[in-house]
1. Please determine whether any residue of region B:48-63 is touching a Cys at 6+ places or on another chain (Cβ under 9 Å) and closer than 30 Å to A:ALA47 by Cα.
2. Mind listing whichever residues of region B:25-47 are more than 12 Å from DNA strand C (Cβ to nearest atom) and part of a loop (DSSP other than H, G, I, E, B)?
3. Tell me, which residue of region A:57-83 that is within 13 Å of chain B (Cβ to nearest Cβ), open to solvent by less than 30 Å² (accessible area, probe 1.4 Å) and in a helix (DSSP H, G or I) is nearest to DNA strand D (Cβ to nearest atom)?
4. All but one of (1) modelled with pLDDT of 95 or more; (2) facing another protein chain (nearest Cβ under 9 Å); (3) under 16 Å from the mean Cα position of the chain (by Cα) hold for B:GLN93, so report the exception by its number.
5. Quick one: how many residues across region B:4-14 are more than 17 Å from B:THR86 (Cβ to Cβ) and either within 12 Å of DNA strand C (Cβ to nearest atom) or within 7 Å of chain A (Cβ to nearest Cβ) (or both)?
6. Any residue at all in region A:27-50 that is under 13 Å from B:LEU9 (Cβ atoms), open to solvent by less than 20 Å² (accessible area, probe 1.4 Å), touching a residue at least 60 places away in the same chain (Cβ under 8 Å) and facing chain B (nearest Cβ under 10 Å)?
Protein chains: 2
Amino acid sequence: MPIIPLDELDLLHTVMCQAVGEPKRIQILYALADGEMNVGALAELLATPQPTISRHLALLRQRGLVKAQRDGTSISYSLSEPRLITVLDTMRQILRDVLEAQSSVLEEC
Amino acid sequence: MPIIPLDELDLLHTVMCQAVGEPKRIQILYALADGEMNVGALAELLATPQPTISRHLALLRQRGLVKAQRDGTSISYSLSEPRLITVLDTMRQILRDVLEAQSSVLEEC
DNA sequence: TTCGTCCATTCGGATAGCCGAATATATCCA
DNA sequence: TGGATATATTCGGCTATCCGAATGGACGAA
């Protein structure tokens, strides 16, 4: 396989990897996997201040991973890329296997 | 779906997401997808100083995502989780579709 | 044992990302 | 219009992470 250009990997990192590079954002993505939800509901469900939720949503929205739809005075967010949940589920499965294979993985972290 | 505990998501983030949270590390993982390689070869292939490569490899090794095997005076690294490449390929596909669907995704980043 | 090679680690400075608090914007209703 | 609700943005400070340079440690050959 040829080396993938660093430009493409930078883009992959910026758009996809950085998006899941924060636990709270992963939590938001999983919450939206159950269906669209507005900002206030997300803030309450995740027990997180509303500006924090809005900032994370703005980042995900700029990357095209979630969609926003205004509904009166509130705004509902939904996943625009459900495959992202598949990716996260696969990573969770890998995580389980890695932890099982080497239960001392995190001793140095 | 119930909320995934924040503890598990923290672990997922620390072990998996953070591992791919740096373009150079993604490049290393793809290089190792073609077969095991030692540190010097990686440094040359990726045109990167050896200490930088070693630091990234140490992080991946601590998380159980690559394996190290000493061979005389050099050390060969290989993927211990080839599924990680599948995950990255899926993210690249999602990236392509997202960019196609919304070619101005990155205008605000 | 000593040197040369390969790899790992440490240190300091710089940068990027996150959060809380405060503030701004937008929509609806009276 | 004016006020109330819902969401977005900005600002300052903090922490985490990266890199380059220098150093340290391990192995093999002579």
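The values are calculated or read from the model by the stated rules, or taken from the named source; none is laboratory data. In this text the structure is predicted, and so the values were computed from the model without any measurement. All Cβ positions, glycine included, derive from the backbone under ideal geometry; neighbour counts span all protein chains shown. When the accessible area is computed, the model is the full protein with side chains, heavy atoms only, and any ligands, DNA or RNA have been set aside. Shrake-Rupley method; radii C 1.70, N 1.55, O 1.52, S 1.80 Å.
1. Yes, there is a match, as at least one residue in region B:48-63 is touching a Cys at 6+ places or on another chain (Cβ under 9 Å) and closer than 30 Å to A:ALA47 by Cα.
2. The first filter runs over region B:25-47 and keeps only residues more than 12 Å from DNA strand C (Cβ to nearest atom), leaving B:25-27, B:29-35, B:46-47.
Correct list: B:ASP34, B:GLY35, B:LEU46, B:ALA47.
3. A:ALA58
4. (3)
5. Counting residues in region B:4-14 that are more than 17 Å from B:THR86 (Cβ to Cβ) and either within 12 Å of DNA strand C (Cβ to nearest atom) or within 7 Å of chain A (Cβ to nearest Cβ) (or both) gives 7.
6. No: region A:27-50 contains no residue that is under 13 Å from B:LEU9 (Cβ atoms), open to solvent by less than 20 Å² (accessible area, probe 1.4 Å), touching a residue at least 60 places away in the same chain (Cβ under 8 Å) and facing chain B (nearest Cβ under 10 Å).
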